[in-house]
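This report refers to the structure that appears directly beneath it.
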Amino acid sequence: MARPTVFIDGEAGTTGLGIRERLRVLPEVEVRSLAEEKRKDADARRALMAEVDLVVLCLPDAAAREAAALAASLGERAPKLLDASTAHRVAPGWVFGFPELAPGQRAAIAAARLVANPGCYATAAIALLRPLVDAGVLPADYPVCINAVSGYSGGGKAMIAAHEAAGGPAFELYALGFEHKHVPEIEAYARLSRRPLFVPSVGHYRQGMLVCVPLHLETLPGKPSGAALHEALARHYAGSAFVRVVPPTENGKLEPEALNETNTLELRVFANEARGQAALVARLDNLGKGASGAAVQNLRLMLGLDAV
């Protein structure tokens, strides 16, 4: 039986390189490529799209939309598309590529021809919030605040160059205009009816991410305990291969790099019952479960390589 074939459109970028590296150890898949001088040739890309089973789009948003239109022009010969950009994450007709989102999501991804890979921050925030909203523990209109820090590898070529060549800042907040591109997907897939307040930051280290949602427990229905929040998350992700709900650290500290080079996402609930305060915290590799790792997880589902 012929191996399924994949073309990574934009394979020279950070996410594309990460996907290609992960596919090197996946003998079930054959990766097709264009010569470097042909990578921006629309005719050459379209011809290769017609030959493969699936195309991964690792492109800027505008280029991803153009590539999706190019693939669609093939009609019945069009391949499946997995878009790693922001372009189609809340677009009609595209399935959101977070298999652990809800019951049936893995099957929806497996059956889809168009899948949008989630953003790194969004993966973590949705993973923390969606089970609590679905369980009625967190109201959909709750004024959610999300604080996060990522390694600089998630900031694109310019940020990577600034940190690796010139040193870069030790730490900085950014997107303080509150229009970060991940907010729409967080709002949509966490099922929030009120736009969340999202404050991301970047640290002077390459990869690894922490995403935190602080909560006043007395403002939630039934004033749940930290243990109740933990239980709601654990129940949602029971049996998951990649999402783990684990106890809080004993020293009340958490560093961001422990899951680098994995597709694992850890969720914790830190709580002070006497003060009625809690913090939901997610840890992941922004290049793993936050990007390339998640893409390969979705790719395997779309190509029928994982049981649904």
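The values are calculated or read from the model by the stated rules, or taken from the named source; none is laboratory data. Owing to the predicted nature of the structure, the values given are computational and were not obtained by experimental measurement. All Cβ positions, even for glycine, are placed from backbone atoms using ideal geometry, and neighbour counts span all protein chains on display. Protein only, heavy atoms only, side chains kept; ligands, DNA and RNA dropped before computing areas. Shrake-Rupley method; radii C 1.70, N 1.55, O 1.52, S 1.80 Å.
Apart from one condition, VAL25 fits all of (1) over 20 Å from ARG89 (Cα atoms); (2) out of contact with any Leu (no Cβ under 7 Å at 6 or more places or on another chain); (3) assigned to a helix (DSSP H, G or I); the exception is (3). Selection of first residues in the range 104-123 that are β-branched (Val, Ile, Thr) and of second residues that are open to solvent by 20 Å² or more (accessible area, probe 1.4 Å), restricted to Cβ pairs under 8 Å at least 6 apart or on distinct chains, gives the following pairs, ordered by first then second residue: ILE109/VAL95; VAL115/LYS80; VAL115/TRP94; VAL115/VAL95. As a summary of the residue check, GLU11 satisfies the conditions (1) under 21 Å from GLY155 (Cβ atoms); (2) assigned to a helix (DSSP H, G or I) except for the one numbered (2). Pairing residues of the range 225-236 that are of a type in the set (A, V, I, L, M) with residues that are in a helix (DSSP H, G or I) and surrounded by 20 or more Cβ atoms within 10 Å (Cβ to Cβ), at Cβ distances under 6 Å and at least 6 apart in sequence or on separate chains, gives ALA232/PRO131; ALA232/LEU132; LEU233/PRO131. Between GLU164, GLU172, the distinction of being more than 26 Å from PRO221 (Cβ to Cβ), in a strand (DSSP E or B) and open to solvent by 30 Å² or more (accessible area, probe 1.4 Å) belongs to GLU172 only.
So that you can scan it fast, the table gives a plain yes or no per residue for (1) of a type outside the set (A, V, I, L, M); (2) in a loop (DSSP other than H, G, I, E, B):
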site: LEU82; (1), (2): no, no
site: LEU101; (1), (2): no, yes
site: ALA107; (1), (2): no, no
site: TYR121; (1), (2): yes, no
site: ALA124; (1), (2): no, no
site: GLY155; (1), (2): yes, no
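Look at ARG113 and say whether it is under 30 Å from LEU74 (Cα atoms), among the basic types (Lys, Arg) and either open to solvent by 60 Å² or more (accessible area, probe 1.4 Å) or in contact with a Leu (Cβ under 8 Å, 6 or more places away or on another chain) (or both). Taking the combined requirement at face value, the residue satisfies it. When GLY208, GLY239, GLY203 are screened for being touching a residue at least 40 places away in the same chain (Cβ under 8 Å) and on the phi > 0 side of the Ramachandran plot, only GLY208 passes.
Taking every residue in the range 35-51 that is within 16 Å of ALA72 (Cβ to Cβ) and touching a residue at least 24 places away in the same chain (Cβ under 8 Å) and pairing it with any residue that is of a type in the set (S, T, N, Q) and open to solvent by 50 Å² or more (accessible area, probe 1.4 Å), at least 6 positions away or on another chain, the pairs with Cβ-Cβ distances below 9 Å are ARG46/SER73; LEU48/SER33.
Please determine, by comparing only the residues of the range 32-67 that are part of a helix (DSSP H, G or I) and within 20 Å of the chain's Cα centre (by Cα), which one is farthest from LEU303 (Cα to Cα).
The initial filter retains those residues of the range 32-67 that are part of a helix (DSSP H, G or I), namely 36-38, 42-49, 61-67.
Next, only the ones that are within 20 Å of the chain's Cα centre (by Cα) stay: 61-65.
Working: ASP61: 24, ALA62: 26, ALA63: 24, ALA64: 21, ARG65: 22 Å.
The qualifying residue farthest from LEU303 (Cα to Cα) is ALA62.
The range 236-308 holds strands (runs of 3 or more DSSP E) entirely within its bounds, and those carrying 1 or more residues that are buried (at least 24 other Cβ atoms within 10 Å of the Cβ) and over 16 Å from the mean Cα position of the chain (by Cα) map to 265-272, 277-284. Comparison of ALA87, ALA107 shows that the only residue that is over 16 Å from the mean Cα position of the chain (by Cα) and either within 19 Å of LEU299 (Cβ to Cβ) or crowded, with 24+ Cβ neighbours inside 10 Å (or both) is ALA107.
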